[in-house]
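The structure appears right after this line, and notes come after that.
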Amino acid sequence: MNIPFIPSIPVKIFLMNQEKKRILTGDRPTGPLHIGHYVGSLQNRVKLQDEYETYILLADVQALTDNFERPEILRANMREVVLDYLAVGLDPQKCAFVVQSLVPEIAELTVYYLNLVTLVRLQRNPTVKTEIAQKFGGEVPAGFVCYPVSQAADITAFNAHLVPVGDDQDPMIEQTREIVARFNRLYGETLVVPDKLHSPVARLPGTDGGAKMGKSLDNAIYLRDDEATVNKKVMAMFTDPNRLRGIEPGNVEGNPVFVYHDAFNPDRERVAEMKEMYRQGGVGPDGKKPLLGDVQVKRELAAALNAFLEPIRTRREELARDESFVRDVLRAGTARGRERARQTMDAVRTAMKIDYFG
Ligand code: ATP
Ligand code: MG
């Protein structure tokens, strides 16, 4: 398969970096990225992009496993996700942004790996189980149940050492490590056993109080949301469900509004003070109004989030003006990714003794 590309960034730069360890991570182009992505994974990617040879996968094949009836979603969101990457500071000179469906080696590896897992093992995956309950009735496509195998192929196609992800991905990394161990045992040491990397906020809850903010769950604050949208979403957020009136003592632990304060409000002292007041409950100095009501906590959260998002929005708007830039970055990144995947594929074929013609 020949994929035409115009590399604006030479492949050579990447191949020179071979002594560096590699990162593989990615996102499904099912929507623009949200603040959960930022704290869960993007932040670590930005931090490590100098130290590691970084590949970031736009996982459109995986996204199809639950969106095969509406593939237009992928086309619409590919550009949005890349704009988010660039806006938070991922540098296309340092990271290759790779379109998954344009690296057929990943599909090839998936087929080989499918022999190394059992159906029972796949059905035990807790994240997949939760997603099946959220997305499907009884009729689950085989492709969806098997996506962790495809994810093992994503990681190993780049022979990655490190995978910065949220903790919903733990079962996928575990599955990958098992497949790699099995492969290496059967065919000889070929693939790197990857490690995951979590940030301190490994799973940001949704604005609806659900355990995870997700693009497909309608509970997200997006990096591209404007100020008014952020204000509106924050004001509608769930807090402590048991606190019916502002004067009652409230729960801070697991309360999404405070989880977000912890993640995004740089004024630690004020956050600590608010937590104390919220826990305490009661009335304020006027003897009537709550000492600290939900509305005040939310107002301060919206301000903190808007301050955090403002530079990201500005940069995003600037980048969005150039129609061809994102496309060029994707083409060049995909070419670099494919080159690396080809190298892995050669090693895999040799190990499996299916390199018939040398
Ligand atoms: P979808 O609902 O389509 O599955 P998503 O919001 O779960 O979208 P993904 O593209 O599946 O996003 O995930 C990309 C990366 O972001 C993964 O590493 C995942 O662990 C991380 N991530 C996603 N949501 C969160 C979250 N709420 N908190 C922390 N990390 C997250
Ligand atoms: Mg997801």
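Bear in mind that the values in this text are calculations on the coordinates, not laboratory data. Source: prediction; values computed, not measured. All Cβ positions, glycine included, derive from the backbone under ideal geometry; neighbour counts span all protein chains shown.
Descriptive notes on the structure:
- Per-residue 3J(HN,Hα) values for the stretch 177-191, derived from phi via the Karplus relation 6.51 cos²θ - 1.76 cosθ + 1.60 with θ = phi - 60°, read 4, 5, 5, 4, 4, 5, 4, 5, 5, 6, 10, x, 4, 10, 10 Hz in sequence order (x marks Gly and Pro).
- Cleavage-rule hits, trypsin sites (Lys or Arg not before Pro), the stretch 175-278, DSSP coil, Cβ neighbours within 10 Å at most 12: ARG245
- Proximal charge balance of ILE354 [Cβ under 12 Å; K/R count +1, D/E count -1]: -1
- Within the stretch 279-358, the chymotrypsin sites (Phe, Trp or Tyr not before Pro) that combine a DSSP coil assignment with at most 13 other C-beta atoms in a 10 angstrom radius are TYR356, PHE357.
- Applying the Karplus relation 6.51 cos²θ - 1.76 cosθ + 1.60 with θ = phi - 60° to the stretch 111-128 yields 3J(HN,Hα) values of 4, 5, 5, 4, 6, 9, 10, 9, 4, 4, 4, 5, 6, 7, 5, x, 5, 5 Hz, where x marks Gly and Pro.
- DSSP beta bridge pairing in the chain, given as percent antiparallel to the nearest 5: 10
- Cα-based Rg of the stretch 304-347 normalised by 2.2 N^0.38 Å, two decimals: 1.80
- A Förster radius of 56 Å combined with the Cβ-Cβ distance from ASN184 to ALA236 puts the calculated FRET efficiency at roughly 0.65.
- By the Cα gyration tensor, the stretch 227-312 has an equivalent ellipsoid whose semi-axes, rounded to whole angstrom, run 22, 13, 12 from largest to smallest.
- Of the peptides 55-62, 280-287, 73-80, the order by per-residue mean of other Cβ atoms within 10 Å, starting with the highest, comes out as 55-62, 73-80, 280-287.
- Qualifying lysines (Cα of each under 24 Å from Cα of LYS212; at least 8 residues distant if same chain): LYS47, LYS129, LYS135, LYS196, LYS232, LYS233, LYS275, LYS298
- Assigned charges on the beta-carbon of Lys, Arg, Asp, Glu; the stretch 170-294 dipole about Cα centre (debye): 180
- Stokes-Einstein D in µm²/s, Kirkwood radius over Cα pairs - the stretch 163-322 at 25 °C with 0.890 mPa s viscosity: 134
- Nearest-0.05 FRET efficiency for GLU323 and ASP267, computed from C-beta distance (R0 56 Å): 0.90
- Solvent-free Debye scattering, log10 I(q)/I(0), computed from the Cα coordinates of the chain at q = 0.10, 0.15 Å⁻¹: -0.67, -1.29
- The amide H of GLY26, built 1.01 Å from its N in the peptide plane, has LEU57 as neighbours under 5 Å, considering only residues 5 or more places off or on other chains.
- The share of C-alpha pairs in the stretch 95-190 whose separation exceeds 19 Å stands at 43 percent.
- Calculated from backbone phi, Karplus (6.51, -1.76, 1.60) coupling profile of the stretch 324-338 in Hz, x at Gly/Pro: 8, 4, 4, 4, 5, 4, 5, 4, 5, x, 5, 4, 5, x, 5
- Taking Lys and Arg as +1 and Asp and Glu as -1, the other residues whose beta-carbon sits under 14 Å from that of VAL81 total +4.
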